[in-house]
Amino acid sequence: MSRTEFTNWAGLVRSRDCEVRSVSTIDEVRAAIAAARARRCTLRVAGTTHSHAPLVQADGGIIALTDGLSGMPLVDRGSAVARIPAGTKLAAVGAPLWQAGYSLANQGDVDVQSIAGLIGTGVHGTGPSLPSISASVCGARLVVADGSCVDTDDDRDLLEAARLNLGLLGVVTEVRLRVIPAYHLHARDWSEPIAPVMERLDDLIHEARHFLFFWEPRTDEARCKQLHPAPGPVAAGVDGPGERTDPAYRVFPGDCGTPHTEMEYSVPAEEGPACFWRIRALMRERFPDVERPVEYRTVAGDDGWISPARGRATVAISIHESSDRPHEAFFRTAERIFREHRGRPHWGKVHYLDAASLAAEHPETWDRFWAVRARYDPEGRFLNPHLRAVGGV
Ligand SMILES: Cc1cc2nc3c(=O)[nH]c(=O)nc-3n(C[C@H](O)[C@H](O)[C@H](O)COP(=O)(O)OP(=O)(O)OC[C@H]3O[C@@H](n4cnc5c(N)ncnc54)[C@H](O)[C@@H]3O)c2cc1C
């Protein structure tokens, strides 16, 4: 195997002198784990590397690319559960699910990620009644550090940990997701100054199933998007300018844009507006050169062990910077504001918190998550320095 440098999508998370293996079969997964064990090195599992945090990073170790573990979703109609090979891209899931009569309850801004990657970091879309995709996980299969195959049906704690797992439990080979009857979405996109949007924010959030905006620092306008289920496709010309109606899986995703990095914090829903105004003021006063937008979304509370939305209705606020510009001073200053509003970081995005601060956010369940990790990976094969710092191990 040749050794190489490996970077994430944004180009900022680098693994030096690592071995990259594409895995397509359980035997290849086992071989990658065995090689890491023999060399006493770290093995990190990669989806499509759209995480900004150094999760898919293994200096001197092995990166296992899971795009070969892909295939068609199989839906059990009785339970409305889709069984999906873990490396399958979200973009490849929508059409076959639609043909089977189903849709995902929600999706994020893009559909390029792998199914295992989505649940690896708790990816979410927007909508006050809709939790993250991790909340719809009802099962998974994994190859764990000793090379054995395990199913979450056999271990309730493993299921809870696997729903948002940071790639710490082993290589996920299959994910089982609850799905709902197929639906169309009517989308309306428009821009207007930020002040009137914030004045009627509650109405905008609650009058449709999904609402989000991107605040553009250069124009002080909000690019707004409202999505709402519609009975079906409409005749040509019925949708007005900036509107369209299509199968949901085609309406949710947008473009990834040019390479950038991102910090996102989930604050209690009632803190969202005040927190947003402070981030806007910070950018205008101290970081006027940042031209990337701020995104504002809502997420329903859930019971995920390490979920940023655990136990509370949530507003997720994201800040961005281009990959070729410095971001740390901006992100660190913004993080102080997010924390003053009781924010919890998105696991797949940049944050600077230590284990004690993170543990304090999940007092009842943090230790349970890390205990399951230790049980299935006692030698820490799937840990890298970032995750050791996050978990305090
Ligand atoms: C342009 C862009 C748009 C985004 N939009 C959103 C959004 O709308 N909402 C949101 O919440 N986030 C969003 N994100 C963040 C991103 O979607 C998440 O970080 C997601 O986890 C990336 O999925 P991936 O397949 O690229 O996984 P990776 O980044 O490759 O991996 C993520 C985690 O999953 C683990 N993992 C991946 N595959 C496996 C496997 N088979 N077994 C075990 N562990 C595995 C990895 O080890 C890692 O810990 C966005 C990021 C970008 C760059």
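Annotations
- The stretch 350-369, residues that are surrounded by fewer than 20 Cβ atoms within 10 Å (Cβ to Cβ) and within 16 Å of the ligand (Cβ to nearest atom): Leu358
- Residue within the stretch 296-303 that is within 16 Å of the ligand (Cβ to nearest atom) and surrounded by fewer than 21 Cβ atoms within 10 Å (Cβ to Cβ) present: yes
For every residue, the table says whether it meets (1) more than 29 Å from Thr219 (Cα to Cα); (2) assigned to a helix (DSSP H, G or I); (3) charged (D, E, K, R); (4) out of contact with any Leu (no Cβ under 7 Å at 6 or more places or on another chain).
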position: Phe287; (1), (2), (3), (4): no, no, no, yes
position: Glu295; (1), (2), (3), (4): no, no, yes, no
position: Ile306; (1), (2), (3), (4): yes, no, no, no
position: Ser318; (1), (2), (3), (4): no, no, no, yes
position: Glu321; (1), (2), (3), (4): no, no, yes, yes
position: Phe331; (1), (2), (3), (4): no, yes, no, yes
position: Arg336; (1), (2), (3), (4): no, yes, yes, yes
position: Tyr352; (1), (2), (3), (4): yes, no, no, yes
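- Of the strands (runs of 3 or more DSSP E) lying entirely inside the stretch 1-99, those containing at least 3 residues that are within 11 Å of the ligand (Cβ to nearest atom) and buried (at least 23 other Cβ atoms within 10 Å of the Cβ) are 43-46.
- Restricting Ala34, Ala53, Ala10 to residues that are touching a residue at least 60 places away in the same chain (Cβ under 8 Å), more than 30 Å from Tyr265 (Cα to Cα) and outside the structural domain of Gly87 (by TED's automatic domain parsing) narrows the list to Ala34.
- When the stretch 241-269 is filtered for residues that are exposed (fewer than 13 other Cβ atoms within 10 Å of the Cβ) and in contact (Cβ under 8 Å) with a residue 12 or more places away in the chain, the ones remaining, listed by number, are Gly242, Gly254, Asp255, Thr258.
- Checked against the criterion of being within 22 Å of Arg21 (Cα to Cα), in the same structural domain as Val172 (by TED's automatic domain parsing) and in contact (Cβ under 8 Å) with a residue 40 or more places away in the chain, the candidates Ala86, Ala95, Ala82, Ala91 yield just one match: Ala86.
- Pair list, Cβ < 9 Å and 6+ apart or interchain, from the stretch 294-307 residues that are closer than 24 Å to His320 by Cβ and without any contact (Cβ under 8 Å) to a residue 24 or more places away in the chain to residues that are outside any loop (DSSP other than H, G, I, E, B) and within 14 Å of the ligand (Cβ to nearest atom): none
- Residue among Arg325, Arg344, Arg332 that is loosely packed, with under 14 Cβ neighbours inside 10 Å, within 22 Å of the chain's Cα centre (by Cα) and among the basic types (Lys, Arg): Arg332
- Residue within the stretch 217-231 that is surrounded by 12 or more Cβ atoms within 10 Å (Cβ to Cβ), more than 28 Å from Ile279 (Cβ to Cβ) and either modelled with pLDDT under 95 or not assigned by TED's automatic domain parsing to the domain that holds Ala105 (or both) present: yes
- For the stretch 146-165, the condition holds for at least one residue, the condition being that it is surrounded by fewer than 20 Cβ atoms within 10 Å (Cβ to Cβ) and on the phi > 0 side of the Ramachandran plot.
- When each of Asp246, Asp189 is tested for being part of a strand (DSSP E or B), more than 29 Å from Ile279 (Cβ to Cβ) and out of contact with any helix residue (DSSP H, G or I) (no Cβ under 9 Å at 6 or more places or on another chain), the lone residue that passes is Asp246.
- Condition check for Leu168 on (1) away from the ligand (no atom under 11 Å from the Cβ); (2) in a loop (DSSP other than H, G, I, E, B): one failure, at (1).
- Residue count for the stretch 374-393 satisfying the condition of being assigned to a loop (DSSP other than H, G, I, E, B) and of a type in the set (Gly, Ala, Ser): 2.
Residue by residue, here is whether (1) without any contact (Cβ under 8 Å) to a residue 40 or more places away in the chain; (2) part of a helix (DSSP H, G or I); (3) near the ligand (Cβ under 7 Å from one of its atoms) holds:
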| position | (1), (2), (3) |
| --- | --- |
| Gly117 | no, yes, yes |
| Gly120 | no, yes, yes |
| His124 | no, no, yes |
| Ser129 | no, no, no |
| Ser134 | no, yes, no |
| Gly139 | no, no, no |
| Ala145 | no, no, no |
| Val150 | no, no, no |
| Asp153 | yes, yes, no |
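The values are calculated or read from the model by the stated rules, or taken from the named source; none is laboratory data. Bear in mind the structure is a predicted one, so any value in this text is a computation, not a measurement. FYI the Cβ positions are ideal-geometry reconstructions off the backbone, even for glycines, and counts take in every protein chain you see.
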